[in-house]
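Everything below concerns the one structure shown next.
The values are calculated or read from the model by the stated rules, or taken from the named source; none is laboratory data. A quick note: this is a predicted structure, and the numbers were derived from the prediction, not measured. In this analysis, Cβ positions are derived from the backbone assuming ideal geometry, glycine residues included, and neighbour counts consider all displayed protein chains.
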Amino acid sequence: MMKTSTCILRPSILGLAISLALAGCAGDPLESGVDPFAPMVFKEGTTAMPLNPPNKTAIQPFYVSQQTIFKFAVDIDSILIGNDGVTRYTVIITSPNANNQVQYEGIRCDSFQWRLYGTFESGTWRENPLSSWNMIKDNVPNRYQAALAQGALCNFTSQEKNIKTIIQSLNPNGFIGGIKPTNSYGVMD
């Protein structure tokens, strides 16, 4: 009797082993053609221009560099953390003679790039028809995109997903976007 039950169990165990092996292969990236380590292709979502001018009660100034003669601020009400990896915001650039340039922009942390979507001129938003992604320059006096990326909008090469963290980071008392990072010994590079 023992011999008969062993003979019946062997095909069942063999069938189970084959099924498990095949199920394991179905999730294999080489078999499915999807490589989990392949670089992701960036696909930007649609960007709508803001409907309103900057909110004067929500403007937060931030430090950029000692070399700049301009002042910079962000309308914190305009900050949008996109699911496409782009953080969009309105920036106000003030010249020494108090003229303002208001721009709607986006930053990608993964590639350290920025894009100008449009400007606020004569009481209306105007879309930039030549808008494209540009590398953020860290070694120029008016390096405000670098200051925003490094000080608030990005967590190294990842997009900061928490709006409260971004707003706290923009606080002038703790903003680090215009400060050179130190090395592990606390010495300025």
Quickly run through the stretch 79-99 and pick out the residues that are modelled with pLDDT under 95 and either part of a strand (DSSP E or B) or crowded, with 19+ Cβ neighbours inside 10 Å (or both).
85
Filter the stretch 96-121 for residues that are of a type in the set (A, V, I, L, M, F, W, C) and farther than 17 Å from residue 146 by Cα; which is nearest to the chain's Cα centre (by Cα)?
102
Would a scan of the stretch 113-135 turn up a residue that is among the β-branched types (Val, Ile, Thr) and under 19 Å from residue 50 (Cβ atoms)?
yes
Here's a check for you: in the stretch 126-153, which residue that is within 18 Å of residue 76 (Cβ to Cβ) and of a type outside the set (Gly, Ala, Ser) is modelled with the lowest pLDDT?
150
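Out of everything in the stretch 123-153 that is among the hydrophobic types (A, V, I, L, M, F, W, C) and farther than 25 Å from residue 168 by Cα, what residue ends up being surrounded by the most Cβ atoms within 10 Å (Cβ to Cβ)? Even if it seems obvious, please write down each step before you answer.
So in the stretch 123-153, the residues among the hydrophobic types (A, V, I, L, M, F, W, C) come out as 125, 130, 133, 135-136, 140, 146-149, 152-153.
So of that shortlist, the ones also farther than 25 Å from residue 168 by Cα come out as 125, 130, 133, 135, 140.
On the way: 125: 18, 130: 5, 133: 16, 135: 10, 140: 14.
Looking at residues that are among the hydrophobic types (A, V, I, L, M, F, W, C) and farther than 25 Å from residue 168 by Cα, I get 125.
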